[in-house]
Each structure stands twice: as structure tokens, then as C-alpha cells.
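In what follows, a single structure is set out as C-alpha cells and then discussed.
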Amino acid sequence: MQFAAIPGYDRQKANLSQMVREDRLPHALILAGPEGNGKLALALALAQFVLCRNPSESDSCGACPSCSKANRYIHPDIHFSFPTIGSNVVSDMHLPEWREALNYSPWLSKNFWATALAGEKEGGNKQLNLNKEECNKIIQKLSFKSFESGYKVLIQWLPEHLGNEGNRLLKLIEEPPEKTLIIFVTEQTDQILPTLISRCQLIKIPAFSYEIIYQYLKDKLGVAESEAQTIAFMADGNLFEAMQIAEARTSDEARAFLEWLRACYKGIPAGMIHQVEEICTGSKEAQKQFLFYGIHFFGEVLKQKYAKDLAVQLNAEATKTAENLAGLLEVDQIDRILQLFNDRFFYLERNANEKLLFLDLSIKVKKVFRKENFADIFEQPLTGLLNIK
Ligand SMILES: [Zn+2]
């Protein structure tokens, strides 16, 4: 992860990169701040920056072999340590789940992680811990020479789960092997041994601002403006929570959209009319959101076709449908559908008759799917959709 991929934190990013540039990086850092903020992401970006072979003044290059491994969380000199469940369990046993969780969200919450480890039912009740075996493993790992580039980095997430086992790490922090950087990422400094804290440089990382969460929801997750305002307000600085709320809402939205899309694909009039009536029972705002989601969805179909490596921002069912459609549709068909959605957005905002508008959209999307009257679609007058008073 590059610093540039993390929204906000300009001052903290500048401080961290300056420490690296001026070669005054401490052996051990604590990045402390509330759940759902950017502290873990900043730790990941710092580790990548330190190991990058071609860094700029203020960020890793994102492209060298080292960055490419760091980006996938498989760099052999970046060690991860995080709480697990049960005795005799160490982080290394759960690296696949850890990478998956980071790919899902670097703003990760403790509950989400516990659920990923223990399953939906048990997640909240199981005790996360960083045990004796994990501490010994860390000491052993950091005693080896680095594999590639000189530096070895350990990122330990949530050291508050060490309890008294933290004592085992004191010597390591006090007299670390050469070229070793230890980054603790914590939400509760008051739960960490004071002797451990006093041996590290503490950097406080604040919560995300309302503005940043709002922009992130809008730009990265395709959430409509008014919805993004509400969610950003509810999330109260926690970007992970904001993502979760947005996801729960969009999964209802996605379901309604996919049902409508299937009806258009089958092209049976009764099915299409039924779907249009469903859409029109919603408020004007919900109808706009439906169109907005459609634009977002077909944008993702295009990405699936031409830029598959770009992150897909749809839920699992919608992603699968987008993948299928990318295989079936030509680029000019996708383009025309996007144009249809954009036009409908315009007309809906100008008080078009909503049933006519969605029925017309359904019929035209069906035609585009089947390449029927393909050339005529935009030659039909659209003014009939407007209620001219
Ligand atoms: Zn690089």
C-alpha cells in the first residue's frame, strides 16, 4: 500500500516519510488511534516505503518488485503479527485470512477480524490474544537476516492483546537486531505495558474526518451524495463502519437492480412491467439511486472487460453478474446502456413521468442486449418522457 492510497493524514505522512529520508527512524514505533482509522494502513505504507527500491521523496514507487510483494502482503521482510484465537496458535497459521482481510479493508475492525477467524456465530465471544508462542516466534524471526533489502519490518496489530506476555518483547525492542523496524498499531494504549510504551516512539493517528469519509463513500464506493452524507455522519470517523453500512444498504439496492436487469435480459413484458412497478413504489430519491447504481454497475462491467485488475466495488452477486455481462456484451453495447442511464437521470431530475421513464429504459436495455434496432435507439424522441405542463 502506498501513502497515496490512504485518504487524508497529510501531516502524519509527511512526518513518517521525512523520518525515513533523514534516516532517523526509531527502532520501534506505536501508531495509536481509534478503530476504523488509517493507522494500520499508514503502518503498511511505511513498511513498503522503507523497503521500496525506487522511492520518491515522500512515497514508495508502487511498481518495483519489493512494492509488488508488499502490495500483496507477501514481502518476506514484512512480518505480520496479530491477535488469534486459542492457545498454541500463532499469526503465521492465519496469514491467508489476514491477507484477505487487508485486501477487503485496511481500516479493519477487531470484531470483523474475530469473525473472520471464528465464524459468524462465535466471532464476538471468542477471546483474541497474542500469546507466548507468538512472542517467541517474533523474537526468532527478527533474529534472522533480512531476505532481500536490508530492512526487516514487523507490524504488530493490536498489541493490547499481549497482556503480560509483552514483557517477552521488551529486550527485543530495547536492543533490536540491526536494521529492524517494529511498528505497533494499537487502539488502546492504556492496555499496553507502560514499560513497552516507554521504549517506543508514540505517534497518535486521529479518526478520519467527516469530509474524508463522505468523499470516500462517494468516489470509491459509488454511494450517492445524500446517502453518503448520512452514512458519514453515522460512522463518526470510523471508515470501516462506514463501509459496512454502505455495503448493507447497497446489497438491498443491488438485489433490486439485478432483479430488474434479469427481467430485461429475459425480455418478457409482464416481468419487466412488474419490476418497473416495484421501482416506482420507491421515493424519487430511491429511483435516482437506482439509476446511479446502474451507472456504477455498468462502469464495473466495463472495468471487468478492460481493466480487470482495478478493484471491483460491488457485492459478490453483482460482481458475478458483471463478470458474466462483460463476457456477453460488446463495448458499444455497454456504452449505450451507460448513455441510457445517464439520460434517464437527467429526465428524472426534470420531473419525467417515472413509470414511462423506467418502462422505456427497460425496453431499450432489452433491445441493446439483443442488438435489436440497435442503431435506432437514440433516434427516438425522448421528449415524450417529460411531463410538459
Ligand atoms: Zn517500490
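The values are calculated or read from the model by the stated rules, or taken from the named source; none is laboratory data. The model shown is predicted, which means the values in this text are computed figures rather than measured ones. Every residue, glycine among them, receives a Cβ derived from its backbone with ideal geometry; neighbour counts consider all protein chains shown. We work out accessible area using only protein heavy atoms, side chains counted, and drop any ligands, DNA or RNA first. Shrake-Rupley method; radii C 1.70, N 1.55, O 1.52, S 1.80 Å.
Among the residues of the stretch 302-357, those that are surrounded by 12 or more Cβ atoms within 10 Å (Cβ to Cβ), of a type in the set (G, A, S) and under 20 Å from D219 (Cα atoms) comprise A318, A322. The set of residues in the stretch 148-173 being more than 17 Å from N136 (Cβ to Cβ) and without any contact (Cβ under 8 Å) to a residue 60 or more places away in the chain consists of G150, E160. Taking E241 as the residue in question, decide whether it is touching a Lys or Arg at 6+ places or on another chain (Cβ under 9 Å), outside the structural domain of K110 (by TED's automatic domain parsing), assigned to a helix (DSSP H, G or I) and open to solvent by 30 Å² or more (accessible area, probe 1.4 Å). No, not satisfied. Restricting attention to the stretch 33-56, the residues being away from the ligand (no atom under 16 Å from the Cβ) and surrounded by 22 or more Cβ atoms within 10 Å (Cβ to Cβ) number 9. Pairs are defined by a Cβ separation below 6 Å, a sequence spacing of at least 6 or placement on different chains, a first member in the stretch 359-371 that is assigned by TED's automatic domain parsing to the domain that holds D335, and a second member that is open to solvent by 60 Å² or more (accessible area, probe 1.4 Å); the pairs so defined are K367/N373; V368/R336; F369/Y265. Of the residues making up the stretch 224-238, those that are open to solvent by 20 Å² or more (accessible area, probe 1.4 Å) and in a helix (DSSP H, G or I) are E225, S226, E227, Q229, T230, F233, M234.
Filter the stretch 63-88 for residues that are more than 11 Å from the ligand (Cβ to nearest atom), in contact (Cβ under 8 Å) with a residue 60 or more places away in the chain and among the small types (G, A, S) and give the result. Explain how you work it out, then say what you get.
Our first condition is that a residue be more than 11 Å from the ligand (Cβ to nearest atom); within the stretch 63-88, this holds for 72-74, 76-88.
Now drop any that are not in contact (Cβ under 8 Å) with a residue 60 or more places away in the chain, which leaves 76-83.
S81 - this is the single residue of the stretch 63-88 that is more than 11 Å from the ligand (Cβ to nearest atom), in contact (Cβ under 8 Å) with a residue 60 or more places away in the chain and among the small types (G, A, S).
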